[in-house]
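*Asks:* For reference, the structure I am asking about is given below.
The values are calculated or read from the model by the stated rules, or taken from the named source; none is laboratory data. Only a predicted model underlies this, so the values are computations on that prediction, with no experimental measurement involved. Don't worry about glycine lacking a Cβ; one is built from the backbone with ideal geometry, like all the others, and counts go over all protein chains shown. The accessibility values were calculated without ligands, DNA or RNA, using every heavy atom of the protein model including side chains. Shrake-Rupley method; radii C 1.70, N 1.55, O 1.52, S 1.80 Å.
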Amino acid sequence: MLQFDAQILGNRELAPGWKELVLRWNGAAGHPHAGEFLTLRVSSALDPLLRRPFAFASFHEDPDGASRAGILYQVRGKATRILADLGTGAFVDVLGPLGRGFPDAAQLEAEGSRPLLVAGGVGLGPILFLAAQLEAARIPASAAGPALIVAGFRNSAAIPRAGFPAGTVTCTDDGSSGYRGTVLDYLSRELPPGNWRLMACGPAPMLAAVATLARARSWEASLCAEQWMACGVGACMGCALPVPGGASFLRACVDGPVFGRDDIDWGKEGGGR
Amino acid sequence: MNIDPRVRIGPLVLSNPVGVASGTFGYGAEYEGLMDLGRLGAIYTKAVTLEARAGNDAPRIVETPAGMLNSIGLANPGLEAFVARKLPELRRLSTSVIVNVAGSSEADYLRVVEALEEAAGPWSPRSGAGGATGQEGATGVDGYEINVSCPNVAHGGLAFGTDPAQVERLTRSLRAATRRALIVKLTPNVADIVPIAKAAEAGGADAISCINTLVGMVIDTRTKRPALARGTGGLSGPAIRPVGVACVWKASRAVGIPVIGLGGIMCADDALQYLLAGASAVQVGTATFVDPRAALKTLEGILAWMEGEGLAGIGDIGALFGRS
Ligand SMILES: Cc1cc2nc3c(=O)[nH]c(=O)nc-3n(C[C@H](O)[C@H](O)[C@H](O)COP(=O)(O)OP(=O)(O)OC[C@H]3O[C@@H](n4cnc5c(N)ncnc54)[C@H](O)[C@@H]3O)c2cc1C
Ligand SMILES: Cc1cc2nc3c(=O)[nH]c(=O)nc-3n(C[C@H](O)[C@H](O)[C@H](O)COP(=O)(O)O)c2cc1C
Ligand code: FES
């Protein structure tokens, strides 16, 4: 974890309202892992005030030793509008990597199950990063079969040109591209039987639904939650998510944002995107 | 000119006037990797209560123009876990540690302070003097900040902080329990802060700190519900700074004990407003979320300003108020 001013190497549009930000990464901050995130202070003005969290979507080490980290983001409100206007060469205040990400390749390998990667909305970035990291670790070749990526969008125009791995199942609500229906429709009706191992990131209702499905099908599952954050480092207790039963809370920023299927009361998450 | 940045709060000498505010810095360890904690004047811990508290339902925070609302609900591991897990970490720090204490009744506050006195052991000015902590003799507790001003709990909190008689009685009973620095943290959610400040002084407080957050609400017009699960929350950040500066200006003229100013300090200029208004020290809260190094940058800026003004001590700043 490090706070530093990162130079913007690219900030291009992938679809209307979707952008990819690529940052010159400071190697001293450490290598990010899929599911981990960074926070950005997009301007030194007092409004918007708080840093904004974004999940890593890519990480590359160049031959000269320098490295680049990318995020995929949706332009939603004050901070992301300012971010969208920043040009190549500008600097942005970065804090990261933060949080606990998805199980790593070694753990998945040991489980011997088949990775099922599910993305909705702004959950796309971390899922594509996870797919790339598993690919690099040759996990798709594991005995139980290659990873399957299922990503949901409103319609074909809303699908960012983000370089989906071959075999990715895209779902659109209106059927204008790929499977017609939600990711949940696809998972519950079309998914071939298998020894699946779910890893998902997306809006709170989607996470609640896939957690329920995972429980019903006895899949292991790791879900990446989203919650409003102030500090991002575990100090403020602001990003609390209720555990089942509601007697206590876990912090999205340091206990997560990736949690096990039964760690959080996904239906009562409060917030989400 | 040589600047002496130290500040005296009752028996305690802080190495410099800039601390980090309760609830915005955890118990210190959270920020350890991001800065040299030893350069902070003080760490005011997250509130400690007798029993563990899970805190309020989520969502607990929402951004507002130049500020934020929180309704954390004093989530903390409770006295026992604090002593077992946090105190040993705090003992290692080479900065003064002020434990923020909250409760639902006078007896609650007293039991927390008594238990911490016992766990931390006897304190002498030497063990707490600026710079000497974190070394031999550090007890992990250099003082208490009594939170009678939390707007986010159903019992205690604000109810105490708005009644001068209760503030005086509570302060007096805690005073009898400790020789450590005793600071009473006041709420701005009152018609006049002066009677409350005087009550804390009469009860034997070494200092008062102000301000805690202001009660506020954000409504999501899409869902037609409050953005926070609990409805209201406490407003902090630069939006509240003028309220805090006015409270410090009023309170510091009404009491003889030091006033610690906080509320919306983002940079040295903001802190200097508090010091000019009569504060002896300051705390940086919400700004740390925005920039983890905000407190240290604030300190550097204050020292640079003092150099430019030719001032030797923090206490000289307030004397400049109203002069040009
Ligand atoms: C761990 C984590 C990882 C994230 N990763 C990504 C990512 O990879 N790509 C991406 O585009 N976004 C991501 N987000 C969401 C991103 O932080 C928000 O979209 C961003 O903060 C919006 O800022 P804004 O000022 O543009 O919008 P605002 O004006 O703050 O918000 C616009 C609207 O978005 C909603 N909203 C914004 N932030 C949150 C939140 N944290 N929780 C619930 N609702 C919210 C609110 O309903 C609000 O009305 C992530 C969030 C978290 C917590
Ligand atoms: C997330 C959060 C948690 C807080 N928790 C506490 C607390 O436990 N005890 C307390 O006395 N004040 C608490 N406060 C109040 C701050 O210490 C401070 O008084 C207030 O935020 C104003 O300062 P600021 O504008 O610099 O943040 C909290 C504030 C925030 C934002
Ligand atoms: S955002 Fe502060 S504890 Fe998680």
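*Asks:* Please report the antiparallel percentage of DSSP beta bridges with both residues in the protein assembly as shown, rounded to the nearest 5.
*Replies:* Around 50 percent of the beta bridges assigned by DSSP in the protein assembly as shown are antiparallel ones.
*Asks:* So, one more: In terms of the Cα gyration tensor, with a ≥ b ≥ c the square roots of its eigenvalues, is the range B:1-146 rounded because a/c is under 1.5, prolate because a/b exceeds b/c, or oblate?
*Replies:* In terms of gyration-tensor shape, oblate.
*Asks:* Now for a different question. At 1.4 Å probe size, with no ligands or nucleic acids counted, give the accessible surface of B:Cys150 in Å², nearest ten.
*Replies:* Using a 1.4 Å probe on the heavy atoms, I get roughly 10 Å².
*Asks:* For the range B:14-54, what number results from the quotient of the Cα radius of gyration and 2.2 N^0.38 Å?
*Replies:* So the Cα radius of gyration is 1.27 times the expected 2.2 N^0.38 Å.
*Asks:* Now for a separate question. B:Lys224: which aspartates and glutamates have alpha carbons under 19 Å from its alpha carbon, excluding same-chain residues fewer than 8 sequence positions away?
*Replies:* Answer for B:Lys224, where 19 Å is the Cα cut-off: A:Glu269, B:Asp57, B:Glu63, listed by chain and number.
*Asks:* Local charge sum around A:Ala162 (other residues, Cβ-Cβ under 12 Å, Lys/Arg +1, Asp/Glu -1)?
*Replies:* +1
*Asks:* Most mobile of A:Gly87, A:Gly99, A:Gly65 per a Gaussian network model of chain A (Cα springs, under 10 Å)?
*Replies:* Fluctuation is largest for A:Gly65.
*Asks:* What does the charge count around B:Gly143 come to, taking other residues whose C-beta lies under 11 Å from its C-beta (Lys +1, Arg +1, Asp -1, Glu -1)?
*Replies:* Residues near B:Gly143 contribute -1 overall.
*Asks:* Also, I was wondering about something else. Give the ranking of A:His31, A:His60 by solvent-accessible surface, highest area first, calculated with a 1.4 Å probe.
*Replies:* Largest accessible area first, the list is A:His31, A:His60.
*Asks:* For the protein assembly as shown, take every pair of Cα atoms, bin their distances at 10 Å starting from 0, and report each bin as a whole percent.
*Replies:* 3, 17, 26, 23, 16, 10, 4, 1
*Asks:* If each Cα of the range B:193-243 is one equal point scatterer, what is log10 of I(q)/I(0) from the Debye formula at q = 0.14 Å⁻¹?
*Replies:* -0.55
*Asks:* Quick check: Cα centre of the range A:169-206 to Cα centre of the range B:32-105, how many Å?
*Replies:* 41 Å
*Asks:* Now a separate question. Can you run phi through the Karplus equation (6.51, -1.76, 1.60; θ = phi - 60°) for the range B:187-192 and list ³J(HN,Hα) in whole Hz, with x for Gly and Pro?
*Replies:* Each residue of the range B:187-192 in turn: 9, x, 7, 9, 5, 9 Hz.
*Asks:* In 5 Å bins starting at zero, report the fraction of Cα pairs in the range A:113-170 per bin as a rounded %.
*Replies:* That works out to 4, 19, 32, 24, 12, 6, 3, 0, in percent per bin.
*Asks:* Under the rule of at least 5 residues apart or a separate chain, name every residue whose amide H is placed under 5 Å from the amide H of A:Arg197.
*Replies:* Amide H to amide H, under 5 Å and 5 or more residues apart or across chains, A:Arg197 pairs with A:Arg114, A:Leu116.
*Asks:* Using only the alpha-carbon atoms, what does chain B span along each of its principal axes? Please give whole angstrom values in decreasing order.
*Replies:* Principal extents (Cα only, largest first): 59, 46, 42 Å.
*Asks:* Counting only DSSP beta bridges with both residues in the range B:186-274, tell me the antiparallel percent, nearest 5.
*Replies:* If we restrict to bridges inside the range B:186-274, about 70 percent are antiparallel.
*Asks:* Then there's this: Based on the Cα coordinates of the range B:283-324, what is the per residue volume of their convex hull in Å³?
*Replies:* It is 89 Å³ per residue.
*Asks:* To continue, here is another question. If DNA, RNA and ligands are ignored and the probe is 1.4 Å, what is the ranking of A:Ser156, B:Ser71 by accessible area, most exposed first?
*Replies:* A:Ser156, B:Ser71
*Asks:* How many times 2.2 N^0.38 Å is the alpha carbon radius of gyration of the range B:137-293?
*Replies:* Taking N as the residue count of the range B:137-293, the ratio is 1.07.
*Asks:* So, one more: Which distance in Å, rounded to a whole number, links the C-alpha centroids of the range A:21-35 and the range B:166-220?
*Replies:* Each part's Cα centre sits 45 Å from the other's.
*Asks:* Counting DSSP beta bridges in chain A, what percent are antiparallel, to the nearest 5?
*Replies:* 60 percent
*Asks:* Mind checking which helices in chain B clear 18 Å along their axis (Cα) and have mean Kyte-Doolittle hydropathy of -1.0 or more, DSSP H runs only?
*Replies:* Answer set is B:106-120, B:241-254, B:294-309.
*Asks:* Rounding to the nearest 10 and keeping the result within 0 to 90°, find how far the Cα-based axis of helix A:204-216 lies from the longest principal axis of chain A.
*Replies:* 30 degrees
*Asks:* On the first, second and third principal axes, largest extent first, how far apart are the outermost C-alpha atoms of chain A in Å?
*Replies:* Here the Cα extents, ordered largest to smallest, are 50, 44, 38 Å.
*Asks:* While we're on this one: What do you get for Rg/Rh of the range A:72-167 when both radii come from the Cα atoms and Rh is the Kirkwood radius?
*Replies:* Expressed as Rg/Rh, it is 1.03.
*Asks:* In the full protein assembly as shown, how much of A:Glu135 is accessible to a 1.4 Å probe, in Å² to the nearest 10?
*Replies:* Its heavy atoms expose roughly 120 Å² to the probe.
*Asks:* Rounded to the nearest 100 Å², what is the sum over both chains of accessible area buried where B meets A, with a probe of 1.4 Å?
*Replies:* Approximately 2600 Å² gets buried when B meets A.
*Asks:* Shifting gears a bit: With 22 Å as the limit, write out which pairs from B:Lys46/B:Lys86; A:Lys19/A:Lys78; B:Lys46/B:Lys185; B:Lys250/B:Lys297; B:Lys198/B:Lys297 have Cα-Cα distances beyond it, or answer none.
*Replies:* Pairs exceeding 22 Å: B:Lys250/B:Lys297; B:Lys198/B:Lys297.
*Asks:* Put B:Leu14, B:Leu158 in order of accessible area, largest first, 1.4 Å probe: what do you get?
*Replies:* B:Leu158, B:Leu14
*Asks:* With a 10 Å radius around each residue's Cβ, average the other Cβ atoms per peptide and rank A:174-187, A:39-52, highest first.
*Replies:* Answer by packing, highest mean first, reads A:39-52, A:174-187.
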